[in-house]
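See below for the structure under consideration.
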Amino acid sequence: MEPQKTSWLELNRRGVWIIAFFVAAIAIMAIGAAMPVNPSEAKTTYDELQNEFQYVATVPGIFGNNFFHALIMFTPFVGPIYGGIVFFNTGYVVAVIAVHNNVPTGLLFTNLFLYPHTWLEFLAYSIGLSQSVFLASAIVRGRFKQEAVRTCVIITICALILLLAAVLEIILILLQG
């Protein structure tokens, strides 16, 4: 049995899914950032985040954390749900940091998108989420094996994107620090 060739139409469909997840991820994160945060809760949560950050603020730490989440987002059927939870919680963390630092949440949220690592992370997550849809479709159609091979290549691409994002993020941290 000869492997199916990827058509331009299929690549186009994949691109549409990636863009849709990219926009949805930003929207869900914005909703999380818009959640009200109690100042005392913000202090407690911020302190916990600072303690965790010291252990994760390395290229392997940032990459490992982001790649772990990305891999779960690749999971058929549950990946988009998990992704939504991650984006919402990330938005809420933005709100916590903003309240703790007495900065407008919208400003902090918007500033994240000034950094290339943010865009790269959202791209990798969106690719993973879109692939979860294609894997789910392949399972339903009985073509999982073919799509699984493609998924391995796409996971590698996402890993490289997330590695680049982690390097850029650490460079930014070192320049600011």
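Looking only at the stretch 27-41, which residues are assigned to a helix (DSSP H, G or I) and either in contact with a strand residue (DSSP E or B) (Cβ under 8 Å, 6 or more places away or on another chain) or crowded, with 18+ Cβ neighbours inside 10 Å (or both)? Write out each step before concluding.
Looking only at the stretch 27-41, we keep the residues that are assigned to a helix (DSSP H, G or I), and these are 27-33, 39-41.
Once the filter is applied, which keeps residues that are assigned to a helix (DSSP H, G or I) and either in contact with a strand residue (DSSP E or B) (Cβ under 8 Å, 6 or more places away or on another chain) or crowded, with 18+ Cβ neighbours inside 10 Å (or both), the stretch 27-41 yields Ile28, Met29, Gly32, Ala33.
Just wondering, is there one or more residues in the stretch 44-56 that are among the aromatic types (Phe, Trp, Tyr), more than 26 Å from Gln146 (Cα to Cα) and either modelled with pLDDT of 95 or more or exposed (fewer than 15 other Cβ atoms within 10 Å of the Cβ) (or both)? Break it down stepwise before answering.
Step one: list which residues in the stretch 44-56 are among the aromatic types (Phe, Trp, Tyr), which gives 46, 53, 55.
If we keep only those that are more than 26 Å from Gln146 (Cα to Cα) too, we end up with 46, 53, 55.
Narrowing the set further to residues that are either modelled with pLDDT of 95 or more or exposed (fewer than 15 other Cβ atoms within 10 Å of the Cβ) (or both) leaves 53, 55.
Within the stretch 44-56, one or more residues are among the aromatic types (Phe, Trp, Tyr), more than 26 Å from Gln146 (Cα to Cα) and either modelled with pLDDT of 95 or more or exposed (fewer than 15 other Cβ atoms within 10 Å of the Cβ) (or both).
A single member of Ala27, Ala42, Ala20 is over 20 Å from the mean Cα position of the chain (by Cα) and of a type in the set (A, V, I, L, M, F, W, C), and it is Ala42.
Sub-7 Å Cβ pairs linking a first residue in the stretch 148-174 that is closer than 15 Å to Met73 by Cα to a second residue that is of a type in the set (S, T, N, Q), at least 6 apart or interchain, are Thr151/Gln131; Ile154/Gln131; Leu162/Asn66, ordered by first then second residue.
Condition check ((1) closer than 18 Å to Ala30 by Cα; (2) surrounded by fewer than 18 Cβ atoms within 10 Å (Cβ to Cβ); (3) among the acidic types (Asp, Glu); (4) touching a strand residue (DSSP E or B) at 6+ places or on another chain (Cβ under 7 Å)) across all residues:
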site: Ala95; (1), (2), (3), (4): yes, no, no, no
site: Asn111; (1), (2), (3), (4): yes, yes, no, no
site: Leu114; (1), (2), (3), (4): yes, yes, no, no
site: Leu120; (1), (2), (3), (4): yes, no, no, no
site: Ser126; (1), (2), (3), (4): yes, no, no, no
site: Ile139; (1), (2), (3), (4): no, yes, no, no
site: Leu174; (1), (2), (3), (4): no, yes, no, no
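The values are calculated or read from the model by the stated rules, or taken from the named source; none is laboratory data. Since we're looking at a predicted model, the values are computed, not measured. Heads up, the Cβs are rebuilt from the backbone with ideal geometry, glycines too, and the neighbour counts pull from every protein chain shown.
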